[in-house]
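The values are calculated or read from the model by the stated rules, or taken from the named source; none is laboratory data. These numbers come from a predicted model, not from an experiment. When we count neighbours, we look across all protein chains shown, and the Cβ atoms used for this are built from the backbone with ideal geometry, even at glycine.
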Amino acid sequence: MRSSVTASRYIFSLLALTLLNITTLALTSCSTMDRKDKASTMNQEDPYLWLEEVESEKALSFAKAENEKTIHALKNHPLFADIEKSTREILLSPARLPNLNFYDGKYVYNFWQDDKNVRGLWRRTSLKELKSKAPSWEPVLDLDLLAKSENENWVWKGSACLQPERDRCLISLSRGGKDAVALREFSLKTKNFVPDGFRIEEAKNFFSWVDKDHIFIGSDYGPESQSSAGYPLEIRLLKRGQKLAEAKAVFKAEKSDIWAYSFTDWDQNKIHRFHQRAVGFFEKKTFFQSESGSLTELPFPLDSEFVGVFQGKALAIITKTWALEKNPIQPGTLVALPLSKIIDGTWNSKDLEKVFTATNGRFLQRFGVSTGQAHLYLSVIDQVQGKILELKPGKNSWSEREVEFGKFGSTSLQLVDQYSSILVASYEDFLNPTSLYEGKQGSKEIKKLISAPRWFDPKKMEVLQLWANSKDQTKVPYYLIQRKATPKNGKSPTYLYAYGGFGSSELPFYLNSIGKDWVAKGGIFVLANIRGGGEFGPDWHNAAKLENKQRSYDDFIAVAEDLIQLGYTSPSHLGIGGGSNGGLLVGAAVTQRPDLFGAVFCDVPLLDMLRYHLLLAGSSWIGEYGDPRDPRMNAIIKKYSPYQNVKPNLRYPRIFISTSTKDDRVHPGHARKMVARLREYGHDLYYYENMEGGHAGTANIEQRIFKSTLRLVYFWKELTPQEYKGGDSEVRR
């Protein structure tokens with residue numbers, strides 16, 4: 001569904017942190033001068049501010065020197081060649097499953113990378129051809145050739161194609177993997193960029209098609225046109241052939257807002273225009289624009305998620321109790337209101353329909369609403385498993401059925417829209433590789449299209465779902481995957497992963513290289529569903545943010561302690577990993593409980609939480625972490641901020657910190673300064689800074705292979721310093 005979900009999903013993926021429910025003392029309470037004064041005070045207390053100068057010669061020299069030490073230590077390890085070969089085989093396999101990202105009524109499209117297409121190839125084939133054992137793909141855009149011809153380090157950031165025509169697309173291209181993108185109009189008929197088509201220079205551009213000759217575009221129009229997080233606050237309507245500077249402004253957010261976004265939504269061949277102010281990361285004001293240009297604010301709560309229009313009804317997900325007259329709406333409910341009654345101001349609570357209501361253990365995923373021709377499709381979480389529901393409106397209620405693909409795993413919609421009857425979804429679990437299924441909307445008949453290859457024998461492994469008691473006695477679930485008959489002797493090398501932020505859920509996924517090069521060789525993999533995520537609906541997220549963020553770390557530590565108490569592992573054999581907000585998670589865990597862990601992989605992390613709001617997009621996350629300028633929140637944040645809690649007289653595991661120079665979302669200064677502080681206090685560590693790659697950490701498939709190899713080699717080296725053997729043989733203990 002194209003709606004505010006497009007903006008939120010874009011920003012949230014710009015997280016994935018990614019991904020602000022601002023308190024009254026948040027961004028709006030401090031003037032620019034006050035912010036500068038506070039920053040100046042902080043600068044006097046921090047000797048490593050120079051490492052925040054991203055491209056300075058001194059900072060880059062620091063990073064390169066650390067890289068050399070890390071690469072030498074890990075690349076020359078006996079494990080490296082074996083795991084690198086295996087990782088390469090998996091990531092470059094021609095039989096791996098294509099991720100379908102668009103359907104134009106005739107072709108399905110996929111962005112593909114391999115050894116010949118390192119940067120990637122946008123390609124297409126028919127659904128019929130996709131079913132064959134060796135489908136033939138037609139090249140559409142070769143990113144390697146484009147980068148070479150233009151002498152640019154282009155990284156693919158996706159396509160947005162015009163509806164309902166589906167013949168023109170806006171292609172997003174990033175230099176080195178940054179969030180900032182350049183936009184170019186592309187023709188699917190000619191398979192070329194459109195001469196004199198829409199072309200926008202690099203910025204953190206927000207955009208949406210209006211019609212074939214117009215787009216909404218938020219870009220960098222000068223200092224006053226961007227928020228403190230670097231996102232656009234002014235939206236212009238750009239006409240084909242018009243210069244961006246000449247385009248008319250159609251919507252502006254307040255200077256204290258996080259971003260502005262304007263978009264169109266099609267419903268039953270009717271086009272609706274909407275404008276949105278993100279007053280916080282989780283709070284948005286959404287306005288409907290009439291043909292005359294007047295704006296009507298939608299009546300949903302600020303912290304709800306507007307997801308578009310379906311059969312004349314505006315849909316929104318409620319994330320906190322909506323005290324609506326005598327009929328309060330509970331968190332996790334999908335509601336519908338007639339758009340016509342919103343516009344003319346005649347709606348009341350009796351008009352409100354509850355399309356989906358969360359139940360015990362079953363919740364709607366964030367961004368989990370998609371529209372078909374006559375049905376809504378909901379991506380839900382049921383007992384920490386991903387499922388798809390098909391809903392059809394009736395006279396007095398909505399009928400519901402589950403679209404079944406598999407059990408004990410995760411189902412995701414790949415292709416569904418209101419312009420065709422097709423439905424394509426994927427299913428995967430920890431031990432079974434992803435499979436694509438095809439069906440027709442409204443039909444129970446589902447057929448398997450294609451499956452990815454297996455990389456390990458699932459019959460030799462088992463999946464357990466266990467529960468740990470957190471500090472406040474909340475039960476926290478986690479998945480544990482191991483070889484069958486693994487002894488509980490406390491010696492199994494264990495890799496514990498979690499995220500725990502922004503309402504993002506961690507669901508079962510096929511383990512690929514983790515299965516082949518970790519579990520099959522005697523390791524244990526653990527996926528923890530800690531608070532701060534969305535596995536149990538909005539309340540699970542809300543319970544661990546702002547002043548309660550410590551609960552995420554308590555949950556994670558509780559899972560670690562449970563693994564040790566049950567005899568699966570021991571501190572010297574327990575490793576933890578996380579990226580972005582998950583990097584903050586493992587940073588907080590190891591500084592609070594260094595005695596629990598033998599290895600820590602801390603990727604593209606936030607670590608200096610007293611300055612995060614001053615760095616790049618950081619101020620947009622105040623709704624998740626709180627504002628360090630507020631004395632009360634400063635005291636809370638200071639207790640868990642990893643950078644401020646490194647101690648010289650404690651013994652830490654040899655931490656591995658990684659980041660990207662081109663990360664323009666989470667500042668690389670977080671990682672660099674943590675490394676410098678650890679070095680200052682005499683702690684040994686590994687550090688790897690990829691000189692490109694953005695927040696993903698890598699810009700192409702070769703970099704992904706290398707970094708994935710470093711991670712697994714690191715865990716084997718730190719958690720089992722004994723001799724390593726390939727195949728399915730044991731690691732000697």
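Considering every residue within region 140-147, establish whether at least one is over 28 Å from residue 244 (Cβ atoms) and not in a strand (DSSP E or B). The answer is yes, given that some residue of region 140-147 is over 28 Å from residue 244 (Cβ atoms) and not in a strand (DSSP E or B).
Residue selection: residue 400 fails the criterion of being charged (D, E, K, R) and under 26 Å from the mean Cα position of the chain (by Cα).
For region 299-311, a residue qualifies if it is touching a helix residue (DSSP H, G or I) at 6+ places or on another chain (Cβ under 6 Å) and not β-branched (Val, Ile, Thr), and exactly one does: 306. Screening residue 179 on (1) at pLDDT 95 or above; (2) buried (at least 20 other Cβ atoms within 10 Å of the Cβ) shows it passes everything except condition (1). None of 326, 341 is touching a Phe, Trp or Tyr at 6+ places or on another chain (Cβ under 7 Å), of a type outside the set (Phe, Trp, Tyr), surrounded by fewer than 18 Cβ atoms within 10 Å (Cβ to Cβ) and outside any strand (DSSP E or B) except 341. Looking at residue 130, is it of a type outside the set (Val, Ile, Thr), surrounded by fewer than 19 Cβ atoms within 10 Å (Cβ to Cβ) and not assigned by TED's automatic domain parsing to the domain that holds residue 436? Considered against the rule, which asks whether it is of a type outside the set (Val, Ile, Thr), surrounded by fewer than 19 Cβ atoms within 10 Å (Cβ to Cβ) and not assigned by TED's automatic domain parsing to the domain that holds residue 436, residue 130 comes out as no.
Quick check, is residue 462 at pLDDT 95 or above, surrounded by 14 or more Cβ atoms within 10 Å (Cβ to Cβ) and not in a strand (DSSP E or B)? Criteria not met by residue 462.
Within region 195-233, being among the acidic types (Asp, Glu) and not in a strand (DSSP E or B) holds for 196, 213, 220, 224. The single condition from (1) modelled with pLDDT of 95 or more; (2) surrounded by 18 or more Cβ atoms within 10 Å (Cβ to Cβ) that residue 22 fails is (1). Residues that are buried (at least 19 other Cβ atoms within 10 Å of the Cβ), of a type in the set (Ser, Thr, Tyr) and at pLDDT below 95 occur in region 228-237; there is at least one. Screening the candidates 436, 449, 431 for the property of being assigned to a strand (DSSP E or B), in contact with a helix residue (DSSP H, G or I) (Cβ under 7 Å, 6 or more places away or on another chain) and buried (at least 16 other Cβ atoms within 10 Å of the Cβ) yields one hit, 449. In the set (1) modelled with pLDDT of 95 or more; (2) outside any helix (DSSP H, G or I), residue 1 fails one condition alone, (1).
Only residues that are of a type in the set (Gly, Ala, Ser), on the phi > 0 side of the Ramachandran plot and within 24 Å of the chain's Cα centre (by Cα) were counted across region 520-566, and they come to 2.
Select from region 116-146 the residues that are at negative phi and within 26 Å of the chain's Cα centre (by Cα) and list them in ascending order. Matches in region 116-146: 117, 118, 119, 121, 122, 123, 124, 141, 142, 143, 144.
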